[in-house]
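Below is one structure, written out as structure tokens; comments come after it.
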Amino acid sequence: MKLRPVVLVLLILAGFYYISTRMMPAGAMAGLMHRASGTESNTTSISGPLGNFTLTQADAAPAYDNEEQQNIAVYKKVLPSVVNITSTEVAYDFFYRPVPQQGLGSGFILDREGHILTNNHVIEGAQLVEVTLWNKKKYKAQVITKDTIHDIALLQINNAADLTPATLASTNALVVGQQVYAVGNPFGFSGTMTRGIISALRSVQLPSGNKIDNAIQTDASVNPGNSGGPLLNSRGEVIGITTMIASNPNGGAEQSAGIGFAIPVATAKAVLDDFARYGRVRRPSLGATMLPIGPDIAEQIGLPADYGILVERVLPGGAAERAGLKGGTQRAYMGNQPVMLGGDLIVALDGQEITTGQDLATAINEHHAGDAVTLTIFRGRQRLQVKVVLDDAKQSASDTAV
């Protein structure tokens, strides 16, 4: 009696197999599967000298899924705001004859008056800068001002109608793993969009030697020509300016290796604010060289907190020295790197906890040169509050100073 259900199931399966393989035409089951999934199709025959072909094609275009709809929405929103930038520099050949050399880059429209933001290295040294809009209209651009430290340049085009400004993100709360889009003109292919995620948030050094704090690292494919274009969030808001790629060391030409970097939009906003206020960038600075401290190092050297930024050296006449901050007095080595220990340990700025160098850079860049901030420090075991009036970084004696 126990075998009866088993035998019955086997008979049903055998009958189904016989009907589907012997009595139904080839491909019938596939057709049933297609119809079950909601996709209708039909066949079309084509005859010609090479024979007869039977093509299976869908009756109608399928609906886009949610992810595709988001990609399309971001692209449609930002495309009218992205521009192609051509910079022409005159070089000279062996016989001292002028030879025009062109560079390509990207940028994006800031307002209806024709202001455009891009990288400084896109237009550096150019005698002529031209901007091509998404509708293929070309305009001669004027370089209004530039910031070589942050690799940012502000351009202006005139008499351009119906410009579409890009939307700048209002928050600095970027998270590793969030989806991002890069739109630009890689290798001169205008209107190209690629997609990826934020891979990391870190400080990186530009080819010029200057440093970008809190740079956005992404695996969205970026290549030469993307520089100056926008990096966007899933709402089509600009979160950064694509500025640099890590080249493939095994490739012959400079090309994407899955690691690109963008200047955060918060930095760009601060630069634009300085442009508007002073006509140039006044980067705020403490006027000191710093050393981030983690729990292991703090324990080794006996610090009163297991995090913070150690002041190694205060620059003569700088903000830190004027405020009475103390630099290190004991020379030591971390690996092969010489460091100075014994200085003040910064643990907060205006009540905001400072645990990394990026924390300090972000907090400082939210201010302007001349602003007063309050540092919470440890001097030895004593916890103190110190008021510091931030310097203009141009007055600092060292490019490595914070």
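Please find, within segment 362-383, the residue that is surrounded by the fewest Cβ atoms within 10 Å (Cβ to Cβ) out of those that are among the aliphatic types (A, V, I, L, M) and more than 19 Å from GLY327 (Cβ to Cβ).
ALA372
I'm trying to understand the selection: among the residues of segment 105-162, which are crowded, with 22+ Cβ neighbours inside 10 Å and of a type in the set (Ser, Thr, Tyr)?
Residues satisfying the conditions are SER106, THR118.
What number of residues within segment 344-360 are buried (at least 20 other Cβ atoms within 10 Å of the Cβ) and modelled with pLDDT under 90?
Residues flagged as buried (at least 20 other Cβ atoms within 10 Å of the Cβ) and modelled with pLDDT under 90 within segment 344-360 amount to 2.
If I filter segment 286-320 down to residues being within 35 Å of the chain's Cα centre (by Cα) and of a type in the set (Asp, Glu), which single residue comes out as surrounded by the most Cβ atoms within 10 Å (Cβ to Cβ)? Steps first, please.
Let us first name the residues in segment 286-320 that are within 35 Å of the chain's Cα centre (by Cα), namely 286-298, 305-315, 318-320.
With of a type in the set (Asp, Glu) added as a condition, the list becomes 296, 306, 312.
Details: ASP296: 8, ASP306: 13, GLU312: 18.
Checking each candidate, the answer is GLU312.
How many residues does segment 182-237 contain that are among the small types (Gly, Ala, Ser) and farther than 25 Å from THR86 by Cβ?
Residues in segment 182-237 being among the small types (Gly, Ala, Ser) and farther than 25 Å from THR86 by Cβ: 8 in total.
Since ILE377 meets every condition but one in (1) modelled with pLDDT of 90 or more; (2) in a helix (DSSP H, G or I); (3) touching an Asp or Glu at 6+ places or on another chain (Cβ under 9 Å), which condition does it not meet?
Against the list (1) modelled with pLDDT of 90 or more; (2) in a helix (DSSP H, G or I); (3) touching an Asp or Glu at 6+ places or on another chain (Cβ under 9 Å), ILE377 comes up short only on (2).
Any residue at all in segment 30-37 that is modelled with pLDDT of 85 or more and surrounded by fewer than 11 Cβ atoms within 10 Å (Cβ to Cβ)?
no
Return the pairs, sorted by first residue and then second, in which the second residue is modelled with pLDDT under 95 and assigned to a strand (DSSP E or B), the first residue lies in segment 145-168 and is on the phi > 0 side of the Ramachandran plot, the beta carbons are less than 8 Å apart, and the residues are 6+ apart or on different chains.
Cβ pairs passing all conditions: ASP151/ILE212; ASP151/THR243; ASP151/ILE263.
Return only the number of the condition from (1) β-branched (Val, Ile, Thr); (2) in a helix (DSSP H, G or I); (3) touching a helix residue (DSSP H, G or I) at 6+ places or on another chain (Cβ under 7 Å) that ILE309 does not satisfy.
Failed condition: (2).
The values are calculated or read from the model by the stated rules, or taken from the named source; none is laboratory data. All values derive from a computational prediction rather than experimental measurement. In this analysis, Cβ positions are derived from the backbone assuming ideal geometry, glycine residues included, and neighbour counts consider all displayed protein chains.
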